[in-house]
Structures are given as structure tokens and as C-alpha cells.
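Chemist: What follows is a single structure, and I will ask about it in a moment.
Bear in mind that the values in this text are calculations on the coordinates, not laboratory data. Please read all numbers here as calculations on a predicted model, not as lab measurements. FYI the Cβ positions are ideal-geometry reconstructions off the backbone, even for glycines, and counts take in every protein chain you see.
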Amino acid sequence: MAACYRRVLLKLSGEALMGERAFGIDEAMLRRIVGEIAEVARLGVEIGVVIGGGNFYRGLQGAAVGMDRATADYIGMLGTVMNAMALAEALSRAGVEARVQSALRIDPVVEPYARMRAIHHLEKGRVVVFAAGTGNPFFTTDTAAALRGGEIGAEVVLKATKVDGIYSADPKRDPTAVRFSHLTFDEAIGRRLAVMDATAFALCRELRLSVVVFSILQPGALRRVVEGAEEGTRVTLE
């Protein structure tokens, strides 16, 4: 089946890289995720990736124990750089060209973020991994995904999680939770569904950039999503 999208923005959480570990990167999980991305890249889909850093550090963690929130958020951004470098290197080993662009300048190891250069990489068939969020404290990597998706002209934001869509409640805690197949941005924001923060949803709504939330733990799910299958939960303007 042919892909339905030419260019996508994939949002990966840092926790997705942990696998069964409590911290850091599980190599088996990293290889599996890379395999999913590589399969889609070989369909000719241009892929940008925004990755989180929660497997190393979360800014809210530091703030909760008294650290200055801005400093804590910058530490979290550095965690995303480590994840981005690991992901890009694993993609290269799998035969997929990849580049890391960071919103914080770390010139000896990664490129600084530059919109037109990122688009050039995508047009050349390279996966571009965006690190360090927006480069600003107080903004989540979900918001960075919405921002980068708009900047690179992505057709959709694919939010990869550990659950197979958006539920009315936490399905791990509430067995009566219902999975939505479709929501509008207004519904997602109004219901305070925590799968993405409200700022990210609002920015996607303003950019008319649809969101698909799906499970990265389901083999082949990423390919099925880009091929237009009914997978996960789709969030749209209407």
C-alpha cells in the first residue's frame, strides 16, 4: 500500500527508548523503533523526529525538589540531545541517513537548528532528528513537535506513545476507559486529555496540522498510520 503522506513529524517520548529498563536507553527497543522508522523512510516518506528526554531527566522533576525551573528544563533539553544522537547513529547503522539538529548550540557534535537546512535534508531523503525541544524553558517537547511540524511543512504530527490512542481516562487505572477513534482539537483541549499538552494541541489547531496518537509498541503501527489505516486516535480541526 502507498503512503498517504509525503512528509511527517514523528514525536517520540524518551520513555519509549527505555523498553523494560527504569532509566536510559534499551538497545533492543532502540533497534525496534529504528526498524519502524527505516521501513517508513524506505516508502519515500520524509520524516522529521522530535524526541523527548524523560528517560534521563524531566525539568519538572528538578523543579519539584526546589531547582530553578528554567535550569531544570535546560538539563532536560540536554537529555533529548543524547537521545537524538543515539537515534541518529542507530538509523545510520540501519542504512538510513540521519542528521541531528539542536535548538541549543552544541556545534562539535550536532548541527544547530536551521529550518531551510532541515528541509534540504528531508528533501534528500535524510531523517532529521530535532533535539533540545524549542530551545526555551517552560515548553514541552510536544509543543516542539507542533512547532517543528509547522516549520518543515509536515502534513501530520504522529505522536508515538505506549498506549494505542487517546482514552477517556487512564486505561491502566480505569478499566472502563474508552478509546476515541477521532476527536476535534476543541474536544481534546476541553476534555483536558493529557496525551499532549494544551499548548501543543492549540498550536496544531492554529496550523491546521492533524495529529495521530498511536502505540509505538505495536509492530508495524507506524507504517500502518502513514498508509492511512484506522490506527490509534486522529485529532483534527473538525
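Chemist: In a helix (DSSP H, G or I), under 18 Å from the mean Cα position of the chain (by Cα) and more than 25 Å from GLU230 (Cα to Cα), is that true of ASN55?
Modeler: Here the answer is no, as ASN55 does not meet what is asked.
Chemist: So, one more: Name the residues in segment 192-238 that are in contact (Cβ under 8 Å) with a residue 12 or more places away in the chain and of a type in the set (Lys, Arg), would you?
Modeler: Result: ARG205, ARG208, ARG223, ARG234.
Chemist: Related question: Can you pull out the residues in segment 106-115 that are without any contact (Cβ under 8 Å) to a residue 24 or more places away in the chain, of a type in the set (D, E, K, R) and either surrounded by 12 or more Cβ atoms within 10 Å (Cβ to Cβ) or in contact with a His (Cβ under 9 Å, 6 or more places away or on another chain) (or both)?
Modeler: If the condition is that a residue be without any contact (Cβ under 8 Å) to a residue 24 or more places away in the chain, of a type in the set (D, E, K, R) and either surrounded by 12 or more Cβ atoms within 10 Å (Cβ to Cβ) or in contact with a His (Cβ under 9 Å, 6 or more places away or on another chain) (or both), then GLU111 is the only one that fits.
Chemist: Take VAL81 and decide whether it is within 12 Å of the chain's Cα centre (by Cα) and either within 23 Å of ILE152 (Cβ to Cβ) or small (Gly, Ala, Ser) (or both).
Modeler: Against the criterion (within 12 Å of the chain's Cα centre (by Cα) and either within 23 Å of ILE152 (Cβ to Cβ) or small (Gly, Ala, Ser) (or both)), VAL81 does not qualify.
Chemist: Is it true that some residue in segment 185-199 is surrounded by fewer than 17 Cβ atoms within 10 Å (Cβ to Cβ), hydrophobic (A, V, I, L, M, F, W, C) and in a helix (DSSP H, G or I)?
Modeler: Yes, there is a match, as at least one residue in segment 185-199 is surrounded by fewer than 17 Cβ atoms within 10 Å (Cβ to Cβ), hydrophobic (A, V, I, L, M, F, W, C) and in a helix (DSSP H, G or I).
Chemist: Here is a follow-up. Looking for something out of contact with any strand residue (DSSP E or B) (no Cβ under 9 Å at 6 or more places or on another chain), hydroxyl-bearing (Ser, Thr, Tyr), crowded, with 17+ Cβ neighbours inside 10 Å and not in a loop (DSSP other than H, G, I, E, B) - is there at least one such residue anywhere in segment 77-100?
Modeler: no
Yes/no matrix, rows are residues, columns are (1) over 21 Å from MET196 (Cα atoms); (2) in contact (Cβ under 8 Å) with a residue 40 or more places away in the chain:
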{"residue": "GLU15", "(1), (2)": "no, yes"}
{"residue": "PHE23", "(1), (2)": "yes, no"}
{"residue": "GLU27", "(1), (2)": "yes, no"}
{"residue": "GLU39", "(1), (2)": "yes, yes"}
{"residue": "GLY48", "(1), (2)": "no, yes"}
{"residue": "ILE51", "(1), (2)": "no, yes"}
